[in-house]
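Down below is the structure, laid out as structure tokens.
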Amino acid sequence: MTSLPTELSTVLGADGEDGSDWMLEARCLDADPEAFFPEKGGSTREAKRICAACPVRDDCLQYALENDERFGIWGGLSERERRRAKRVGPARVRRLSA
């Protein structure tokens, strides 16, 4: 497994040993973070558009669900959508994020 570059691993809090090296391939790395953490009632459209084309979208969503991420768009789903996804189970999560 390839280790993350030092500066990125510091930002992400990861060294690649925990399986977080997928983050290096995320389309959101070059995007405006505010798109993924909009103000209450703000649009999530831009973040979801970026997520739709992301090669690690499923890894991102899995990470958010396993780590109980409460804020932002992860794997193409908002906080509310992730809460619902946890209730309905893994098979429906794939359909929700499609």
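Checking each residue in the stretch 36-74 for being in contact with a Leu (Cβ under 7 Å, 6 or more places away or on another chain) and part of a helix (DSSP H, G or I) picks out only L61.
Scanning the stretch 35-72 for residues that are within 19 Å of L24 (Cβ to Cβ) and either surrounded by fewer than 13 Cβ atoms within 10 Å (Cβ to Cβ) or of a type in the set (S, T, Y) (or both) yields A53, P55, Y63, E66, N67.
Look at S20 and say whether it is crowded, with 18+ Cβ neighbours inside 10 Å, at pLDDT below 90 and either of a type outside the set (V, I, T) or in contact with a helix residue (DSSP H, G or I) (Cβ under 6 Å, 6 or more places away or on another chain) (or both).
So S20 does not fit the description; no.
Going by the structure shown, is K86 modelled with pLDDT of 60 or more, exposed (fewer than 15 other Cβ atoms within 10 Å of the Cβ) and assigned to a helix (DSSP H, G or I)? Criteria met by K86.
The values are calculated or read from the model by the stated rules, or taken from the named source; none is laboratory data. The model shown is predicted, which means the values in this text are computed figures rather than measured ones. All Cβ positions, even for glycine, are placed from backbone atoms using ideal geometry, and neighbour counts span all protein chains on display.
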